[in-house]
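FYI, it's all coordinate maths here, none of it is from the lab. Please read these numbers as outputs of a predicted model, since none were measured by experiment. Quick reminder, even Gly has a Cβ in these numbers, built from the backbone with ideal geometry, and neighbours come from all protein chains shown.
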Amino acid sequence: MFGSQLVNEQATWEQIKAVLEVMEAGRWTSVYAYDHFIPPWHATAEIKDHELHDTLEGWALLASVAAVTSRLKLGILVSGNTYRNPALLAKMAATIDVVSGGRVMLGIGAGWNIREHEAYGWDFPSLRERSDRLEEACALCRALFHSAADERIDFNGRYYTLKQAAFAPKGGGGSPIPIMVGGTGEKRTLKTLAMYGDIMNVIASPERIRHLSEVLERHCEAVGRDPSEITKTVHVPIRIERDEARAKKLRGDNAWSMIGSPQYVIDRIGDFLDVGISEFTPQIRPQRPEIYTELDEVVFSAFD
């Protein structure tokens, strides 16, 4: 029920391994990396000094995590579709799924960080085109993951094509790799999720999640999908802060952020569970083993 998104920037592999050891031994259920090439600290095209900070690439990091863990589910929260051909992305996910013994989920989104697109020479299309590309990419990945062992796949989209593509191995778990679609776009993103996804991941309050779930259900009805097939996850801060004045300042206008005393955090987790959330995928800062241990022992233990 409790996952964590690793902090890829300004973190050594030894520091990450120390956190993974705590997660493997505790109540944590999943671990994610982010898909950015510079620290994702701004959303404009402006060139910033912090781009020079060490930043580990997400999928290579996830493969390394797979090799040193045995229990945690693994994913990228979430892959920018504009960075890679989706067939390549599916192959990468399947390879790591084999290494991990079937623990991978494919997280994917439309992409949003204009600066890293410009920095590395990738096109940054309009939001409409990025949404179109995401829908096609999810359709293509699902076709590959769900294909029969001896099947070759043809795919003729506007942006992506496959010609008699074999896809083996399909993974290491004996069932299709689940697709997590990240984002709250009601017209396009949730529709894409309804058609091709298995896991919803959003940044939202419990009230907003209730509304988004209703939108998702309508999309599922329109495409003939059972909405119960889609699990719901949330990316919201979790942090123990016993100084209430400081906690309130950190929460800002988002009282639903899980920042506060242990009991405050426990109560907020309950609010999300009440609207159907099955897993939490926060980024834990600071990324230190003792922070992970305290959350496990003081907060997560309340849900045993």
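List every DSSP H helix in the chain whose Cα atoms extend 24 Å or more along the helix's own long axis and whose mean Kyte-Doolittle hydropathy is at least -0.5.
127-145
So how do 137-148, 241-252 stack up, highest first, on mean other-Cβ count within 10 Å?
The packing order, highest mean first, is 137-148, 241-252.
If you project the alpha carbons of segment 145-304 onto the principal axes, what extent comes out on each, in Å, largest first?
60, 34, 30
Once a ≥ b ≥ c are taken as the square roots of the eigenvalues of the Cα gyration tensor of segment 105-215, is the result rounded (a/c under 1.5), prolate (a/b larger than b/c) or oblate (a/b not larger than b/c)?
oblate
Can you give the FRET efficiency for GLU118 and GLU151, using 1/(1 + (r/R0)^6), R0 = 30 Å, r = Cβ-Cβ distance, to the nearest 0.05?
0.15
How far apart, in nanometres, would the label points at ARG288 and THR44 be if each is projected 7 angstrom from Cα along the Cα-to-Cβ direction?
Calculated label separation equals 3.3 nm.
At what distance in nm do the modelled label points of GLN15 and GLN263 sit from each other, each positioned 7 Å from its Cα along Cα→Cβ?
About 3.5 nm separates the two model spin labels.
Would you calculate the separation in nanometres between label points at ARG71 and GLU186, each defined as 7 Å from the Cα along the Cα-to-beta-carbon direction?
4.1 nm
Counting other beta carbons within 10 Å of each residue's own, what order do THR82, THR281, THR29, THR189 fall into, fewest first?
THR29, THR82, THR189, THR281
Restricting things to alpha carbons, tell me how big the chain is in terms of Rg and Dmax, in Å.
Rg, Dmax (Cα atoms, Å): 19.1, 61.
Can you tell me the length gained on complete extension of the stretch ALA222 to PHE303, counting 0.36 nm per residue apart and subtracting the Cα distance?
Full extension of this stretch gives 25.6 nm more.
How do 67-79, 155-167 rank on mean C-beta neighbours within 10 Å, highest first?
Listed from highest to lowest mean packing, they are 67-79, 155-167.
Can you give the FRET efficiency for ASP253 and ALA166, using 1/(1 + (r/R0)^6), R0 = 45 Å, r = Cβ-Cβ distance, to the nearest 0.05?
Rounded to the nearest 0.05, the efficiency is 0.30.
So if I take the centroid of the Cα atoms in segment 29-54 and the same for segment 172-228, what is the distance between those two points in Å?
If we compute the Cα centre of each part, the gap is 26 Å.
Rank these for me by crowding, MET23, MET1, going from fewest to most other beta carbons within 10 Å.
Neighbour counts put them in this order, fewest first: MET1, MET23.
Determine the dipole magnitude for the chain: charges of +1 sit on the beta-carbon of Lys and Arg, -1 on that of Asp and Glu, nothing else is charged, the reference point is the Cα centre, and the result goes in debye to the nearest 20.
About 440 debye.
Can you flag which of LYS73/LYS232; LYS48/LYS248; LYS17/LYS73; LYS187/LYS232; LYS73/LYS163; LYS73/LYS187 are past 20 Å Cα-Cα?
Long pairs (Cα-Cα over 20 Å): LYS48/LYS248; LYS73/LYS163; LYS73/LYS187.
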